[in-house]
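Asks: Mind having a look at this structure? Questions to follow.
Every number here is computed from the coordinates shown, using simple stated rules; none is lab data. Predicted model only: the values in this text are computed from it and were never measured. We place every Cβ from the backbone using ideal geometry, glycine too, and count neighbours over all the protein chains shown.
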Amino acid sequence: MYEKFGTVTRADIASAIKDMQETDKPHLARLGVRTGMEAFFMPDMLKPAPIKLRVLLYSLFTKTFPECGPPPEGRVSFDAVEGVDDGYWMVAGYRRLGQRVMRVDMVERVAALVRNAARAGQFKITDEMLSLAGVSRDQMALMLSDLGCRQAGEEPSDDPEKPALALFERVRTKRPAHKPRHADGAAGAPRKDKKRNPKKGKSGGGQPAAKGQRNSGSRPPEKQPDPNSPFAVLAALKK
């Protein structure tokens, strides 16, 4: 949030969201952060004065000064300006969807309508979507593409003189396949068989040797000294 000037998309912080608990959301709310389904943002930073300041700081840092300037005061959406980077609008608290640039809090409301319509499967663009976004049907179709939807077909219009109505559906992202975890703790790793070393004091057959009985396989028999060697003579003198 600090590095993104108060507005960050969920895609940019996907790994952090996975580790976030439900109890963290009230803490973020007390700090003035709204956890939307499309982005995390600070409503207090969507006022004209903070927007102008953030855009100025971004322009000084990137050394880019678009001729269009910051978003018009009081406008929640407007036509995208060619050649202006999406990061410029995001710093201001706006997001480009298709050919329109919309304030992030309004993006949340439009996206909520789309999610509700997509729950039943394929859906059509409704008048409520068009009214809330303030766009035409063709512009809304491009916005849906940036909201994770795609055209799945067409439906004939009730009026024969009007073109067919496009049907859309949400693109489902595939989750990575779950790899089974083995006893050694590594996911997908084959289990290694550990060889057990025979304990000392056991015979070759695996049974413990009887008490007082030497294991014949433990060490070779002691070699007797040569009786003609000088060491044998010294041993006889010690007796």
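Asks: Looking at the range 42-128, what % of the alpha carbon pairs are farther apart than 20 Å?
Replies: Roughly 40 percent, rounded to a whole number.
Asks: For the range 1-17, list residues with backbone N below 20 Å from a point placed 7 Å from the Cα of ARG30 toward its Cβ?
Replies: 1-2
Asks: Can you give me the Cα centroid spacing of the range 54-93 and the range 3-36 in angstrom?
Replies: 23 Å
Asks: Applying the Karplus parametrisation 6.51 cos²θ - 1.76 cosθ + 1.60 with θ = phi - 60° to the phi angles of the range 114-131, what ³J(HN,Hα) value in whole Hz is obtained for each residue in order, glycine and proline being reported as x?
Replies: 5, 5, 5, 5, 7, 5, 8, x, 6, 9, 10, 5, 9, 5, 5, 5, 5, 5
Asks: Would you mind calculating the gained length between ALA112 and LEU167 on full extension (0.36 nm times residue separation, minus the Cα-Cα distance), in nm to one decimal?
Replies: Values: separation 55, 0.36 × 55 = 19.80 nm, distance 1.76 nm.
Stretched out fully, the ALA112 to LEU167 stretch lengthens by 18.0 nm.
Asks: In addition: Stretched out fully, how many nm does the piece from ILE13 to PHE65 gain, at 0.36 nm a residue minus the Cα gap? Mind dumping the intermediate values first?
Replies: Working: separation 52, 0.36 × 52 = 18.72 nm, distance 2.76 nm.
Between ILE13 and PHE65, full extension yields an extra 16.0 nm.
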